[in-house]
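The values are calculated or read from the model by the stated rules, or taken from the named source; none is laboratory data. Please read these numbers as outputs of a predicted model, since none were measured by experiment. Here the Cβ positions follow ideal geometry from the backbone for every residue, glycine too, while neighbour counts run over all protein chains shown.
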């Protein structure tokens with residue numbers, strides 16, 4: 001099993017949720033987070049709101065997948081119509097144990 005994690009600007013949450021639903025995943029989870037960085041003042045893509053409040057609202061999505069599905073899902077996300085503008089990041093980690101409580 002693998003866990004694909006992605007962090008994107010919160011404005012993309014609905015588009016990303018719609019895309020993931022259309023790909024018929026078993027489940028995925030969103031968590032709301034705030035990015036704080038000394039580089040925020042130099043980012044031309046930040047909204048005026050982000051600059052005023054001093055952080056960037058982001059969402060993290062975690063998806064648990066079979067090993068081979070992680071790469072195909074990444075390809076489908078990259079080839080989607082969602083414009084991440086280089087502001088998204090992702091990572092894939094191995095899961096040793098997975099279950100439900």
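Kindly indicate whether any position in the range 69-78 is under 14 Å from the mean Cα position of the chain (by Cα), modelled with pLDDT under 85 and either surrounded by 11 or more Cβ atoms within 10 Å (Cβ to Cβ) or part of a loop (DSSP other than H, G, I, E, B) (or both). The answer is no, given that none of the residues of the range 69-78 is under 14 Å from the mean Cα position of the chain (by Cα), modelled with pLDDT under 85 and either surrounded by 11 or more Cβ atoms within 10 Å (Cβ to Cβ) or part of a loop (DSSP other than H, G, I, E, B) (or both). For the range 79-92, residues that are surrounded by 14 or more Cβ atoms within 10 Å (Cβ to Cβ) and outside any loop (DSSP other than H, G, I, E, B) total 2. For the range 1-25, the tally of residues that are part of a helix (DSSP H, G or I) and in contact with a strand residue (DSSP E or B) (Cβ under 6 Å, 6 or more places away or on another chain) stands at 2. Within the range 93-101, the presence of at least one residue that is in contact (Cβ under 8 Å) with a residue 60 or more places away in the chain and surrounded by 11 or more Cβ atoms within 10 Å (Cβ to Cβ) is confirmed. Any residue at all in the range 42-58 that's modelled with pLDDT of 80 or more, in contact with a strand residue (DSSP E or B) (Cβ under 6 Å, 6 or more places away or on another chain) and under 18 Å from residue 93 (Cβ atoms)? No, the range 42-58 contains no residue that is modelled with pLDDT of 80 or more, in contact with a strand residue (DSSP E or B) (Cβ under 6 Å, 6 or more places away or on another chain) and under 18 Å from residue 93 (Cβ atoms).
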